[in-house]
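The values are calculated or read from the model by the stated rules, or taken from the named source; none is laboratory data. For clarity, every value in this text was computed on a predicted model and none was experimentally measured. Here the Cβ positions follow ideal geometry from the backbone for every residue, glycine too, while neighbour counts run over all protein chains shown.
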């Protein structure tokens, strides 16, 4: 499943990122934001006007990206516990809902 | 002992670096530029605990030492000692956001690898606590091998300890870079940063996350755009409502000064120069200082609270449709204050074509220098009544003018992206910082810096062009007993008569043509130019001339269609030397500024013409 298909407020783990689909500077910036395999990510808000931007929580940051970036990020739902993040506790998910 | 030690503040964007810089230096700041690049150099002075003075420099925020924009390049070059015009810092203060530790630690590790003496400011610990995060700074210090001081820059907490830790670190100021640096790569540092962060976190309890709660409203598909529109509308109404009283004081002050100068001088050139030229001309521009400060207040608040990036997020979809990114929204919104910092802010856009398009349309955003022009014309021609719901008609017209600029800019962007700046649309990747209530001192300091810049302009560009215009308007004098108006007979009147041949079809009169020439220096000069022209035209004997405002004089001389055409002209006209100069600097040549001036003048001419002809046809 791609990140842009993930419903809002659904926490998922990043499975794989198609880095080659992104430009070098986009790849660098996403990695600097902490986008990496094994990290948890949660879509928070969608922008306006059609395929608007997507705001996601990754780690303790909220980042905004476009459809093309979200399309390059593969995620899986269901085993967020297996992620290496420490702030992915059940109560956290409750707070986010 | 030569210059005082240089200490650079480095850190990720949104780490609270600038707030820390302001808290450490207070008002002792100097704004400048790095030679050869247009990145602003912000420096200030502070004292170490042993009394030694240090020079602090606030470097642009960056996520790593691999730059993706000119701003980030400067940060890299300064800490590597390769930036022209800057020595290698004697020490660094690395600023980390306590609530975003693992991400910011990765950059800190990269910087620490350079081997420069460093102290870490673990900033915004109060906000981290608000989010239920408790940290152990000492554990972090042990792992990193450098002092770690918890700070709350906006409350001035931890500053003394920070300076205290900095004192021994600077030592005798013999800093040098580590020859090889470490071999750790991005992924290695990332892993290390995560491990360090985990070890430093004492406890973490879920608590109300203020930012997420606010975002649920501010980024909501329905309430979000309403809030944005409401804020912008409030901003433009506030520009009128909040500044009325101080503007009246300045007007009264200028009138009193004019009276005093009239009383103290004999009728003649000196009186005309002082009263018509200096006091009337410069005074008619300074009167807008309150409005400009209200506008800057809103812009500074939107930036400092973190809302500006939300506005960019909301606008990205729309910006994408015209081939821009949401990132362009921030420079464009800044351009409402002034296109010069707006154009400079485009440096954060990494895509060159995206950036060029943003630069080319930035002058269409209604800058504060247009406010004096709009305010005079609206004040004179638009009745001060409400259209219901407490909405003022004058504010509504002003809002429409701003909207006109925005729509024009979007149309221009769409056109440019399909022609001269054609290319693949770039992405939009941006961090959205936590909401924060800004320190009022920082806002006051920002407003003060803007006021000084405006008054300097009033004292230099506007003063000089006003005097030049006064001289051109005052000489030659019509012969004794002739009934030609002094302005028609003057050198300036003859120049204007020439220009007027081109401008007459779009409803402009000679006085407007006259005002447009000096207004090339700066838009607001149009107002002082009109004030000077009508002041001289009124003649020396007109006792009541100081009693009559410029607006009253305009009402007697201009038709409504002419006034509306004049407003439409200023929505587009590129009348500002500083904007043209900064465009030249940012695009490295004359090609793009020349293109910009050309297409904007054409747009202004067409807009003014269409407005005039429509108004005449409607019988206004």
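Does residue B:276 meet the test of being over 17 Å from the mean Cα position of the chain (by Cα), part of a helix (DSSP H, G or I) and at pLDDT 85 or above? Write out each step before concluding.
Details: over 17 Å from the mean Cα position of the chain (by Cα): yes; part of a helix (DSSP H, G or I): yes; at pLDDT 85 or above: no.
Judged against the criteria, residue B:276 is not a match.
Is it the case that residue B:267 is in a helix (DSSP H, G or I), on the phi < 0 side of the Ramachandran plot and either in contact (Cβ under 8 Å) with a residue 12 or more places away in the chain or more than 14 Å from chain A (Cβ to nearest Cβ) (or both)?
Numbers: in a helix (DSSP H, G or I): no; on the phi < 0 side of the Ramachandran plot: yes; either in contact (Cβ under 8 Å) with a residue 12 or more places away in the chain or more than 14 Å from chain A (Cβ to nearest Cβ) (or both): yes.
So residue B:267 fails the test.
Can you tell which of B:222, B:202 is more than 9 Å from chain A (Cβ to nearest Cβ), in contact with a strand residue (DSSP E or B) (Cβ under 8 Å, 6 or more places away or on another chain) and surrounded by fewer than 14 Cβ atoms within 10 Å (Cβ to Cβ)? Step through it out loud before you land on a result.
On the way: B:222 fails: in contact with a strand residue (DSSP E or B) (Cβ under 8 Å, 6 or more places away or on another chain).
Of B:222, B:202, the one residue that is more than 9 Å from chain A (Cβ to nearest Cβ), in contact with a strand residue (DSSP E or B) (Cβ under 8 Å, 6 or more places away or on another chain) and surrounded by fewer than 14 Cβ atoms within 10 Å (Cβ to Cβ) is B:202.
Tell me, which residue of region A:10-37 that is assigned to a loop (DSSP other than H, G, I, E, B) and within 11 Å of the chain's Cα centre (by Cα) is nearest to residue B:313 (Cα to Cα)?
Filtering first and then ranking leaves A:33.
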Could you tell me whether any residue of region B:75-93 is closer than 23 Å to residue B:194 by Cα and in contact with a strand residue (DSSP E or B) (Cβ under 6 Å, 6 or more places away or on another chain)?
yes
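Residues checked against (1) more than 14 Å from chain A (Cβ to nearest Cβ); (2) assigned to a helix (DSSP H, G or I); (3) buried (at least 22 other Cβ atoms within 10 Å of the Cβ):
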position	(1), (2), (3)
B:297	yes, yes, no
B:303	yes, yes, no
B:308	no, yes, no
B:314	no, yes, yes
B:318	no, yes, no
B:328	no, yes, yes
B:331	yes, yes, yes
B:343	yes, yes, yes
B:354	no, yes, yes
Might you let me know whether region B:121-143 holds any residue that is on the phi > 0 side of the Ramachandran plot, surrounded by fewer than 22 Cβ atoms within 10 Å (Cβ to Cβ) and out of contact with any strand residue (DSSP E or B) (no Cβ under 7 Å at 6 or more places or on another chain)?
no
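Output the number of residues of region B:597-620 satisfying the condition of being loosely packed, with under 15 Cβ neighbours inside 10 Å and within 23 Å of residue B:574 (Cα to Cα). Explain how you work it out, then say what you get.
Looking only at region B:597-620, we keep the residues that are loosely packed, with under 15 Cβ neighbours inside 10 Å, and these are B:598, B:602, B:606, B:610, B:614, B:617-620.
Filter once more, keeping what is within 23 Å of residue B:574 (Cα to Cα): B:598, B:602, B:606, B:610.
Going through region B:597-620 one residue at a time, the tally reaches 4.
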Residue in region B:84-101 that is nearest to residue B:131 (Cα to Cα), counting only those that are away from chain A (no Cβ under 14 Å) and surrounded by 24 or more Cβ atoms within 10 Å (Cβ to Cβ):
B:95
Out of the residues in region B:53-83 that are within 23 Å of residue B:433 (Cα to Cα) and in a helix (DSSP H, G or I), state the one that is nearest to the other protein chains (Cβ to nearest Cβ).
B:72
Which of the residues that make up region A:38-59 are buried (at least 21 other Cβ atoms within 10 Å of the Cβ), within 7 Å of another protein chain (Cβ to nearest Cβ) and within 19 Å of residue B:218 (Cβ to Cβ)?
A:45, A:47, A:52, A:53, A:55
For residue B:217, which of the numbered conditions (1) more than 29 Å from the chain's Cα centre (by Cα); (2) more than 10 Å from chain A (Cβ to nearest Cβ) fails to hold?
(1)
For the condition more than 30 Å from residue B:401 (Cα to Cα), surrounded by fewer than 20 Cβ atoms within 10 Å (Cβ to Cβ) and either touching a helix residue (DSSP H, G or I) at 6+ places or on another chain (Cβ under 6 Å) or free of Cβ contacts under 8 Å to residues at least 60 places away in the same chain (or both), what is the one hit in B:261, B:254, B:248?
B:261
